[in-house]
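Contents: one structure, followed by commentary.
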Amino acid sequence: MSRPSTGDLIAGVSVALVAIPQSLAYAELAGLPPHYGLYATALPSLLAAFFVSSRYLQTGPVALTALLTLGALSGVAEPGGASYIQSAALLALLVGVIRVLLGAARMGRVAYVLSEPVVTGFTAGAAVVIIASQLPKIFDVYPDGQVLAAAVRALGQPDEWRWSAIAFAAITVCLMLGGRHIHRLFPGVLVAVIAGVVLAGASDYAGSQVGDLDGGFIPLSLEFPWSEAPSLLLPAAVIALIGFAEPASIARTYAAADRLPWNANREMVSQGVANLASAVSGAFPVGGSFSRSSLNRMAGATSAWSGAITGAFVLAVLPLAFLLEDLPTSVLGVIVIVVVVRLVDIKEITRLPWGSFPQALVGAGTTFATIGFAPRVERGVLVGIGLAIAVHLYREMQVITPAERNHETLTVRPKGVMWFATVPQVERSVREELATERGLTSVVIDLSGVGRLDYSGAVALRRIIERMSAGGVRVVVAGIPPSASGAVRAELEGYESA
């Protein structure tokens, strides 16, 4: 990397000041004590900067990855406990290894494996779950039950609401949303946190607060509960793929806007290194942050040094973390909610039903599955992938065969994909026509409207032609797709029209 510029320094520090309170909030969302969010920000941001291809990408704790972490570990141990924290570090290690291997094998293109309806549906469902998980903090009411049930009970107990916590939440919303009208770089999150700490300390606030925050150095460790690795491999793979969708989208968007190069393989490696650093720090899986990357760009970053500066700054201020111990947790809850709401792509959600009803069903199914399986939201992703495959197979199975008769010749023009499972549909259509019109003596199969004809389809088609020829019907094949392989053409040799 070139030398850091003044813009990198300003941007890096600006992002760090926002990342500190966000990281505390995301650590709680992941089920860990708040200060582990600082551990997941410092070294991961610092080390990832040396591998990224995007100058703007900021790495660290993010909402979706934190929720996926909570879901993956919810059945392993009690959130917040020592064994849970160790499992979270192991999960980060597995995510890091998977991403580094994919990047090193030049398979960064897996970022495109998940369809847009699946990603959009999962994001919407995860947003609902995340918001529900933060509602008890807003009202400072913590009923028992799973995420959604606890949120409903919290809303249904207004007599137990702590109005001072709600007031802190309202002030935070005003500063975060209203600050943009003052200036696009107005540090609404930072101001809200400082105001929350000062007001809570001055007023002897009796509501829930962040509490003890360990300062000092990060407790680096290579001790992991290896016996749990097999059960965490699938969740780690889901996090590695779903969690990479956000940083890949960020990098692609800004690369296109500023006409800059972008390398998916390098980005995959950078995100893998960040997770390895988080694991060694004893923290949890991390990813690329859209909000902090956007701030990084707006603040004038000119190189990846800004990300390294962010990590170094957080590392330097770790001993001062105790200054945030009086911060009301309702402030952290609002910070998460405001950021998460921005992630929901309303335009894409409303566009899906008009563009493709089956794909809209995939998106909706993924959303409801994500909400229904909460907090095991990774299962929602698996349901979405299954629905996407089912829709694809359904479409692959559809072939229409319009036909027309000209004297003694029947011409059929299949439209769709021709493979061994769809070719029999063409045969049935032709057989019905031959049974109805006894005077037909020849059949022309025009393949010019076929999207793809693979080898298995060509073999099945040849056998059908042989059966009809044995019955005294002359069969001719026309319009073989130009993309057809030599093997496909060889199977139909002798039946092609001149």
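The values are calculated or read from the model by the stated rules, or taken from the named source; none is laboratory data. Everything numeric in this text was worked out from a predicted model, so none of it was measured. Cβ coordinates were reconstructed from backbone atoms using ideal geometry, including for glycine residues, and neighbour counts include every protein chain displayed. Areas reflect the complete protein model, heavy atoms only, side chains present, ligands, DNA and RNA absent. Shrake-Rupley method; radii C 1.70, N 1.55, O 1.52, S 1.80 Å.
Descriptive notes on the structure:
- Residues in region 399-412 carry Karplus couplings, in order, of 10, 9, 10, x, 9, 9, 10, 10, 6, 9, 10, 9, 10, 10 Hz; the curve used is 6.51 cos²θ - 1.76 cosθ + 1.60 with θ = phi - 60°, and Gly or Pro positions show x.
- Dipole magnitude of the chain about its Cα centre (Cβ charges: Lys, Arg +1; Asp, Glu -1), debye to nearest 20: 1340 debye
- Positive-pole candidate from 234, 70, 56, dipole of the chain, charges at beta carbon: 56
- Cleavage-rule hits, chymotrypsin sites (Phe, Trp or Tyr not before Pro), region 312-402, DSSP coil, Cβ neighbours within 10 Å at most 12: none
- Two-site label geometry, residue 432 and residue 159: point separation in nm, points 7 Å out along Cα→Cβ: 6.8 nm
- For region 6-69, the equivalent ellipsoid derived from the Cα gyration tensor has semi-axes of 22, 13, 9 Å, listed largest first.
- For region 357-457, applying the loop criterion from DSSP together with a ceiling of 15 other beta carbons within 10 Å to the GluC sites (Glu not before Pro) yields 408, 437.
- Pairs of Cα atoms farther than 13 Å apart, region 234-298, %: 66 percent
- In region 74-215 the Cα-Cα distances spread across 5 Å bins starting at 0 as 2, 8, 10, 12, 15, 17, 16, 12, 7, 3, 1, 0 percent of all pairs.
- Highest to lowest packing among 282-290, 195-203, scored as the average C-beta count within 10 Å: 282-290, 195-203
- Accessible area in square angstrom per residue, region 323-439, 1.4 angstrom probe: 53 Å²
- In the assembled protein chains, residue 347 presents an accessible area of approximately 140 Å² (probe radius 1.4 Å).
- Separation of the residue 167 and residue 317 label points, Cα + 7 Å toward Cβ, nm: 2.7 nm
- Relative to the current alpha-carbon distance between residue 257 and residue 149, full extension at 0.36 nm per residue lengthens the span by 34.6 nm.
- Stretchable slack from residue 415 to residue 463, in nm (0.36 nm times residue separation minus alpha-carbon distance): 15.3 nm
- Converting phi to 3J(HN,Hα) with the Karplus coefficients 6.51, -1.76 and 1.60 and the offset θ = phi - 60°, region 21-32 yields x, 4, 5, 4, 5, 6, 5, 5, 4, 7, x, 10 Hz in sequence order, with x at every glycine or proline.
- Difference of contour (0.36 nm per residue) and Cα-Cα distance, residue 221 to residue 454: 78.6 nm
- Protection-proxy order for peptides 22-29, 217-224, each taking the mean of Cβ atoms within 10 Å per residue, highest first: 22-29, 217-224
- Rounded to the nearest 20, the Cβ-based charge dipole of region 1-134 about its Cα centre (Lys and Arg +1, Asp and Glu -1) stands at 460 debye.
- For residue 480, the amide hydrogen comes within under 5 Å of the amide hydrogens of 447, counting only partners 5 or more places away or on other chains and with H modelled in the peptide plane.
- Within region 12-45: backbone nitrogen closer than 16 Å to the residue 78 label point (7 Å, Cα to C-beta): 31-33
- Among the trypsin sites (Lys or Arg not before Pro) in region 184-278, those placed in a DSSP loop whose Cβ has at most 16 other Cβ atoms within 10 Å are 184, 259.
- Along its three principal directions, the equivalent ellipsoid of region 99-178 from the Cα gyration tensor extends over semi-axes of 37, 16, 12 Å, largest first.
- For residue 475, the residues whose amide H sits under 5 Å from its own are 443, ignoring neighbours fewer than 5 places away on the same chain, with H placed 1.01 Å from N.
- Option label - Cα extents along the principal axes in Å computed here, alternatives [x] 98, 57, 51; [y] 65, 53, 51; [z] 59, 57, 57: [x]
- Evaluated over region 1-135, the Cα radius of gyration and Dmax, each in Å: 16.3, 47
- Stokes-Einstein D for region 352-453, Kirkwood Rh over Cα pairs, 25 °C, 0.890 mPa s (µm²/s): 151 µm²/s
- Amide H contacts for residue 209 (H built 1.01 Å from N in the peptide plane; partners 5 or more residues away or on another chain; cut-off under 5 Å): 329.
- As a fraction of the 1.4 Å probe accessible area of the chain, surface on carbon and sulfur atoms comes out at 62 percent.
- Dipole check for region 395-454: with +1 at the C-beta of Lys and Arg, -1 at the C-beta of Asp and Glu, and the Cα centre as origin, the magnitude is about 140 Debye.
- Between 402, 494, 392, the Cα set farthest toward the positive side of the dipole of region 384-498 (charges on each charged residue's Cβ, about the Cα centre) is that of 392.
- Spatial offset of region 235-253 relative to region 440-467 amounts to 42 Å, using the alpha carbon center of each.
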